[in-house]
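First comes the structure, then the notes that go with it.
The values are calculated or read from the model by the stated rules, or taken from the named source; none is laboratory data. These numbers come from a predicted model, not from an experiment. Neighbour counts run over all protein chains shown; Cβ positions are idealised from the backbone, glycine included. Calculation scope for accessible area: heavy atoms of the full protein, side chains included, ligands and nucleic acids excluded. Shrake-Rupley method; radii C 1.70, N 1.55, O 1.52, S 1.80 Å.
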Amino acid sequence: MNLDSTTVQNTNDLFLGKLPDISILSPDKFQAWDEFVRVCPDATFFHRSGWKPVIEQAFGHKTWFLYIEEDGCIQGILPLAEINSLLFGHSLSALPFCVYGGIAAMSDGVRAKLDQAAQMLAAHLQVDYLEYRHVTPFHQDWPTKELYVTFRKTIDPDVEQNMLAIPRKQRAMVRKGIKYALQSHVDQDIERFFHAYSASVHRLGTPVFSRKYFRLLKTVFAEDCELLVITKDDQTVSAVMSFYFRDEVLPYYGGGADAARDLAGNDFMYWELMRRACERGYKIFDFGRSKQGTGSYSFKKNWGLEPQPLFYEYQLLRAKAVPEHNPLNPKYRLFIKAWQKLPLTFANLIGPHIVKNLG
């Protein structure tokens, strides 16, 4: 019997509904979910309920945001999204398009129940693998990907101390941007940001996310999603989309136009973001994920930050090995070289149809 998408979705939700203690996030619970995220030590910005509509509306993927409630209060959450792609396989992850994820819970018992529910759901959906993106080891018996690290540093309350904490060579690059009289602006519209970001990822040979995705991020997360744009003589040099969570600032998507290298635009941009965050009382600068052995990794090391490993753990169901959908995989070299030669307008048109399945 052939089932339409609505029937399949209802069948899957009914499957989870049979699990004791497990509930599926609905709009009336968004506020309670986010209140839990605010107070739970395990939770991150990427556990917020807003990722559910963003992933569903921007990419069309099915989500299961699971939670356990006790005495009317949420005690644990696990946001999951399913990607089913002919090119890149069938996965259930916590959470694709996000640096961090996995289970956030107040007790080991709640954590174990959510883990069991996720494994049962993965088997029910017949995915290739279930993926958790934890910041600490959880399933040490599962295969893991040791490719990614994150960079975090404490923001000193004094602006000048933050400048002096930057290693000398990198500090010189920041001062170079200051010398060129670069200006910073906070935009509400994504267009100048998208111009810098799309040009940058095109030079790297990777597909671009859609404008729709970035507009959704800005709309859903509102004042906690900021667009900082750097200009020279009213021309866009570089730009970054950052997230704010608790006492942290997380520069997440960024890039520079062709002039950024000569003007030290990216160096100035991240300093300007740090300076602004310092003046607003934020305490942690989360420089985000990088792949070991890449230019991004080296750039962040130059700021004096030490890499911290990320624990991406996989329960392999139908897959035989951990997925390697990243530009360092040798099988993508020809694709990257070809992509770099595409006209930017054409790359921006077709890129979102590819990247939405990478996660």
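Note on exposure: S107, S91 ranked by accessible area (1.4 Å probe, complete protein assembly) read S107, S91, with the most exposed listed first. Taking the alpha-carbon centroid of each part, what is the distance from the stretch 219-272 to the stretch 140-201 in angstrom? Comparing the Cα centres of the stretch 219-272 and the stretch 140-201, I get a distance of 8 Å. Cross-link partners for K301 among the lysines, with Cα-Cα distance under 16 Å and sequence neighbours closer than 8 places in the same chain left out: K153, K169, K291. Treating r as the C-beta distance of L87 and L334 and R0 as 22 Å, the FRET efficiency rounds to 0.90. A cut-off of 5 Å between modelled amide H atoms, ignoring neighbours fewer than 5 places along the same chain, links V237 with I230, T231, K232.
Quick check of the Kirkwood formula: for the stretch 167-299, what is the inverse mean of 1/r over all pairs of different Cα atoms, in Å? Let's see the in-between values first.
Numbers: mean 1/r = 0.0664 Å⁻¹.
Taking every pair of different Cα atoms in the stretch 167-299, averaging 1/r and inverting gives 15.1 Å.
Hydrodynamic analysis of the stretch 236-308 uses the Kirkwood radius over alpha carbon pairs. Inserted into Stokes-Einstein at 25 °C and 0.890 mPa s, it gives a translational diffusion coefficient of 190 µm²/s. Using every pair of distinct Cα positions in the stretch 189-233, the Kirkwood expression returns a hydrodynamic radius of 11.5 angstrom.
Look at [x] 1.01; [y] 1.95; [z] 1.24: the one that is Cα Rg over 2.2 N^0.38 Å derived from this structure is [x]. Where does the charge balance sit around D258 when Lys and Arg score +1, Asp and Glu -1, over other residues with C-beta under 13 Å from its C-beta? Summing Lys and Arg as +1 and Asp and Glu as -1 gives +2.
Provide the per residue accessible area, probe 1.4 Å, for the chain, rounded to a whole number of square angstrom.
47 Å²
Selection among G50, A321, L250 by position relative to the dipole of the chain gives A321 as farthest towards the positive end (Cβ unit charges, Cα centre). In the context of the full protein assembly, V220 retains an accessible surface of approximately 50 Å², using a probe radius of 1.4 Å and ignoring ligands and nucleic acids. Positive end of the dipole of the stretch 100-242 (Cβ unit charges, origin at the Cα centre): among T154, T219, M106, the Cα lying farthest that way belongs to T154.
In the chain, the calculated helix contribution to ellipticity at 222 nm averages -12000 deg cm²/dmol per residue, counting -39,500 (n - 2.57) for every DSSP H run with n ≥ 4. Would you work out if the stretch 238-279 is rounded, prolate or oblate? Take a ≥ b ≥ c from the square roots of the eigenvalues of the alpha-carbon gyration tensor; rounded if a/c is under 1.5, else prolate when a/b is larger than b/c, oblate otherwise. Taking the square roots of the gyration eigenvalues as a ≥ b ≥ c, the stretch 238-279 is oblate. Stretched out straight at 0.36 nm per residue, the stretch from A165 to I284 would grow longer than its current Cα-Cα span by 41.4 nm. Heavy-atom accessible area, probed at 1.4 angstrom with all protein chains present, ranks L334, L342, L80 as L334, L342, L80, highest first.
For the stretch 13-71 and the stretch 87-114, what is the separation of their Cα centres, given in Å? If you average the Cα positions of each part, the centres end up 11 Å apart.
Rounded to the nearest 10 degrees, the angle from helix 191-204 to the longest Cα principal axis of the chain is 90 degrees.
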